Structures are given as C-alpha cells and as structure tokens.
Amino acid sequence: MTHLPDQPQPADRPVRRPDPGEGLLVPGRAEHQDESRPEHRAGHRSGRGLDDVDGGRPRWQRPVAVAVIALVTAVVVFGGYWAVRLATNVDSLDLSANGTSGSGVDDRTDRLQILVLGSDTRSGSNAAYGAEDDSSGYGQADVMMLLDISADNQHVNVLSFPRDLLVDIPACTDGQGGGSFDGRSGEMINSAMRDAGPGCAVDTVNEVTGLEVDHFMLADFAAVTELSDAVGGVDVCVTQAIDEPKSGLKLPAGTSSVQGEQALAFLRARAAFGDGGDLGRIQAQQAFLGSLTRKIKDEGTLGNPQRLLGIADALTSNLTVDRGLATVPAMVTIGNRLKDIDPAKVAFIAVPTVPAADPNRLVLDEPLASELFAALRSSADLTTPAADVPAEGVPAEGVPAEGDPAAGSTDPTASPDTGPQPEASSVPVVVADGTGGAGVVASLVPALTGAGYAGAGSMPAPATPLTGIYYGEGLEEEARAIAALLGLPASIAAPDPSVYGVQVYVGADAAGGLDQIAGPDVSGAINQTADEVSCQDTNPFG
C-alpha cells in the first residue's frame with residue numbers, strides 16, 4: 001500500500017490492488033461453527049432441529065418470527081395512528097452492545113436503517129412453542145431484516161440476512177447485566193443476539209455491512225395467524241402442489257389465499273421451497289410480505305382505523321425496540337414517513353451468499369456482497385446506476401451543490417477559480433497511477449490541492465484494471481467526499497487498514513478520463529419489489 005514519508009509502514013510503494021470490493025470481508029470458516037447449536041440448513045438434522053418433534057408438538061411451531069415479517073409490512077404501510085397504540089405495547093433496550101446509545105440521526109429527515117429481528121426464544125409467553133432448553137432468554141434471530149429508508153422517503157430496501165450466514169461477531173456486553181462476551185470468528189449471524197441481546201446483532205450488522213443501524217425492532221413471537229385472519233387471507237403462488245409434512249403446508253399449484261395456520265406454515269417452511277435451504281424460505285417470505293403490502297394498500301385498510309388498530313395489536317404484543325424508538329413521537333415519525341410509500345419502490349433483497357466449506361452454512365459471495373454494501377452506503381436507490389446517484393448526506397468538500405449559483409465546472413481537470421478557497425484538510429491523499437502511463441492522473445493532484453487537500457501527492461503504481469479509493473480507519477466520509485470531488489461514484493470507496501490517509505488508485509478503466517468510471521450495477525440483487533406478484537419454485541425433494 002502507499003505510505004507517506006516518515007510513516008512507520010510495512011511498504012514504501014503500493015502493491016497491485018485487487019478489484020474494488022474484492023476480499024474486503026473475510027467470512028469465518030465453517031469448521032469454527034459449534035455444531036452443537038440448533039441451527040441447520042436443509043439436509044442437516046440434529047436433535048434440536050427445526051423440523052423435529054418434541055413432546056408430541058411439531059417443532060415447526062417454534063416462533064419463527066413470522067410476526068417480524070408482518071411487522072416490516074406494518075412499518076412500510078401503516079401511518080401514525082397504529083404507532084401510538086404500538087408504543088404502549090413495547091419494551092426497550094440499548095441500541096448497541098458496545099456502549100453506543102444512538103446513531104445521532106434525525107428520524108424526521110435523515111436516511112434511516114432499522115434492523116428487524118425475530119427471536120426463537122421459548123421463554124415467558126412463548127413456552128407453548130417448546131421447552132426453554134430449546135432456546136431461552138433473548139433467543140437467536142430466526143429472522144434478520146434491515147429496513148433501509150431513503151432520506152426523501154422515495155425508496156425502501158428490505159435486506160434479508162440468511163440465518164446460516166457465517167460472519168465475525170464483535171465483542172459485546174449485555175446491557176441488562178448478563179455479562180460481557182468475547183468476539184467470535186466464523187459464527188452463524190443468527191447467534192449474535194443469543195448472549196448479549198439485540199444490540200449485539202446491531203453491532204454485527206454494522207461491521208458486516210459498513211452501514212450504521214439507527215433503530216431495531218425485536219419480536220419474540222406474535223400471532224401471524226391472527227394477522228392473516230384480520231386481513232382476510234394473503235394470496236401466495238407456488239409452481240407445483242405442496243404437501244410438506246414438516247411444516248404442515250398443503251397448497252395446490254397456482255395461487256391460493258392462506259391464513260391462520262397455513263399462513264404460518266408458508267412463512268416458516270424451508271424444505272418446501274427452492275433447494276430446501278434458507279434462501280428459498282427468504283424468497284417465499286418476501287413474496288408473502290409483498291402480497292400482504294399490496295392487500296393492505298388496495299383494500300383501504302389504511303382508511304379504517306378500527307381495523308388498523310386490530311392488526312397493530314396482533315403484531316406488537318411482544319415487541320421490543322431500542323430506547324430511541326420507544327416513544328409515541330418516534331413511532332409517529334417513522335409511520336408518517338412511510339405511510340405513502342409506493343410499493344414499486346419497496347425492494348426486497350437477499351444478501352449475496354455462496355455455500356461454505358460446510359454445505360449447511362453460507363458465506364458472503366465476494367465481491368458481490370461488498371459491492372452491494374458499498375452501493376447501499378452511497379444511496380438507498382439501487383435502481384439508478386451508481387454513477388448517477390450522489391452520496392446521501394456527504395457533500396463534496398469545497399464543491400458547491402448542483403444548482404448553487406457558485407457552482408462552476410465539475411471537471412476535476414479544470415483550473416480552479418479565484419473565489420473563496422475551501423477549508424484546508426489535514427487528511428493525507430495520494431494518487432497512485434495504475435493506468436500504465438495515461439495522462440489523466442496529472443490533473444488530479446491540482447484538483448485535490450485546489451479543494452483544500454494541501455498535502456496531496458502522486459506516485460507510480462503497479463498497473464490495475466479498475467479504479468478504487470481506499471481509506472484508513474475513520475476516514476470513510478473523507479474518502480466519499482474525495483470521490484464526489486473527482487466525479488467518481490462513492491461506491492468504489494473501500495476500507496483498507498494498511499492505508500495511511502486516503503489513496504486514489506487510478507486504474508486502466510480511467511485511461512479515457514474519470515467520467516468513464518461507473519460503480520457496480522447491483523440492481524440485480526433485488527429479488528422483487530412489493531408491487532410484483534411472484535410464484536415460488538417448489539422443492540421436489542422437500
């Protein structure tokens with residue numbers, strides 16, 4: 001990596017950079033997973049498996065947190081009315097398990113990320129669904145979805161994390177006096193909540209994605225049977241008839257309306273969909289959620305306060321949120337921001353994964369996962385090419401906003417005008433020329449120094465095919481500001497702890513000018529939007 005003079009660094013010139021996003025996240029190895037845990041994928045059976053029988057009660061009747069699936073719909077489509085009643089039902093805990101009390105965003109105007117969790121605990125009122133030996137206390141996160149709301153309320157992403165995904169879990173302390181827990185490598189993401197509560201799940205998602213979760217909602221169990229009955233059933237579609245004894249799901253081929261126990265079976269089934277693993281179940285849950293959203297919007301539920309309140313009560317009797325969300329004003333704020341969302345702008349996404357060494361586990365699919373997370377850090381709009389989407393909330397340093405009378409040319413090669421100079425930045429910036437001698441690099445250092453980066457310099461570097469911006473610890477916003485200054489998509493900025501300051505590594509793709517650089521197209525990560533009707537592929541071996 002590139003290092004400035006007099007810095008005690010391990011190298012004095014940049015090494016060849018990998019493609020941006022490549023290798024940024026190092027998932028844990030499957031052999032580190034404690035196979036005594038109850039989690040498993042299709043084909044992996046244990047004494048504590050999802051589909052076993054305990055005391056004559058089908059084990060599928062565990063609280064699979066399908067209430068959380070419905071809760072996401074409620075958050076997306078309900079207005080402030082339900083939020084008032086919701087606030088009377090919920091408990092609250094700290095947002096983080098590392099001492100952070102809140103993200104500091106303005107819930108009224110800023111982009112928001114809300115982690116929606118579902119617990120498999122059998123404690124308390126959930127005892128009817130199994131013994132506490134199966135799962136007690138906080139439980140594990142059977143459902144983990146990140147609800148991402150754009151600052152302009154025009155886009156909502158629902159990002160699903162498979163429970164079998166292996167990640168590194170940071171050190172966490174239980175704010176309720178349950179003790180402190182060391183970090184763990186290569187653990188299933190659903191276990192992050194088990195010891196230190198939902199705050200540890202928040203910290204884990206923050207580390208995995210590079211995003212910053214602002215709130216969480218945790219439901220240990222709620223009656224989806226009651227919700228589906230309250231709306232008169234939810235339409236679902238399957239490609240072939242299903243008679244799946246593990247879940248009790250029985251459906252003919254084509255479209256059916258499910259409610260009560262059949263709605264519950266549809267949402268918790270694994271063996272019935274796709275390849276019998278968690279990814280097929282996620283897609284079925286997303287389809288159900290989209291269908292429920294359309295039904296609530298189309299049938300006038302939002303204009304019927306009595307019906308709306310009944311549905312809200314069915315969803316929230318076992319809800320826990322972070323302390324920043326546990327007030328009537330906070331609930332009303334979120335509800336009012338989302339009540340008019342267009343279902344076509346609600347995108348359902350599954351984190352890109354591939355099988356781990358243990359085929360019953362998953363790891364992040366790189367570089368696709370890093371590209372997706374980088375795109376989300378840049379903007380909540382995944383449908384517009386990344387090069388056309390400005391970074392949300394990160395203005396370029398020294399560059400007037402578009403439409404500002406003071407705005408001049410955005411060409412970084414243009415000579416700086418004689419107007420007021422930007423505030424100087426102490427962040428060291430190096431431009432590494434990996435183009436093989438193209439002339440584009442010569443103009444970048446003057447552009448950076450003119451924008452206040454007085455210490456900017458350049459140096460030759462091994463050739464690389466793709467341009468990237470790499471930054472040291474704590475310098476993400478500076479890196480994104482530099483990307484905006486140079487007209488580059490913020491999604492090409494990536495952390496690298498070996499970098500001192502910020503490094504702009506210019507590759508062969510910029511030989512014709514920086515305007516040729518485009519961020520990765522991650523629109524293919526969207527499984528469906530809430531306005532789309534999808535039919536689920538069935539698993540012939542389920």
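The values are calculated or read from the model by the stated rules, or taken from the named source; none is laboratory data. These numbers come from a predicted model, not from an experiment. Note: ideal-geometry Cβ built from the backbone for every residue, glycine included; neighbour counts use all protein chains shown. Remember, those area values only see protein heavy atoms, side chains included, never the ligands or the DNA or RNA. Shrake-Rupley method; radii C 1.70, N 1.55, O 1.52, S 1.80 Å.
Quick notes
- Extension gain for CYS535-ALA241 works out to 104.6 nm (0.36 nm per residue, less the C-alpha to C-alpha distance).
- Nearby lysines by direct alpha-carbon distance to LYS295 (threshold 28 angstrom, same-chain neighbours under 8 apart not counted): LYS250, LYS339, LYS345
- For LEU362, residues with placed amide H under 5 Å, excluding near neighbours: LEU165, LEU166, ALA356
- Accessible area of the range 144-253 belonging to carbon and sulfur atoms, whole % at 1.4 Å probe: 45
- Net +/- balance of residues flanking ARG337 in space, Cβ distance below 14 Å, scoring K and R +1, D and E -1: -4
- Estimated at the nearest 10 Å², the accessible area of THR529 is 20 Å² with a 1.4 Å probe.
- Extension gain, MET459 back to ASP229 (0.36 nm per residue minus Cα-Cα distance, nm): 76.1 nm
- Cβ-based net charge around ALA287, under 10 Å, with every Lys or Arg adding one and every Asp or Glu removing one: -2
- Rough spin-label spacing in nm, given labels placed 7 Å along Cα→Cβ, for THR327 and ASP340: 2.5
- The modelled label-to-label distance for the pair GLU477/GLU212, using points 7 Å beyond Cα in the direction of Cβ, is 0.7 nm.
- Amide H to amide H, with H built 1.01 Å from N, GLN140 comes under 5 Å of ASP120, THR121, counting only residues 5 or more places away or on other chains.
- Karplus (6.51, -1.76, 1.60) ³J(HN,Hα), θ = phi - 60°, over the range 153-165, in Hz, Gly and Pro reported as x: 6, 9, 9, 10, 10, 10, 9, 9, 9, x, 5, 8, 6
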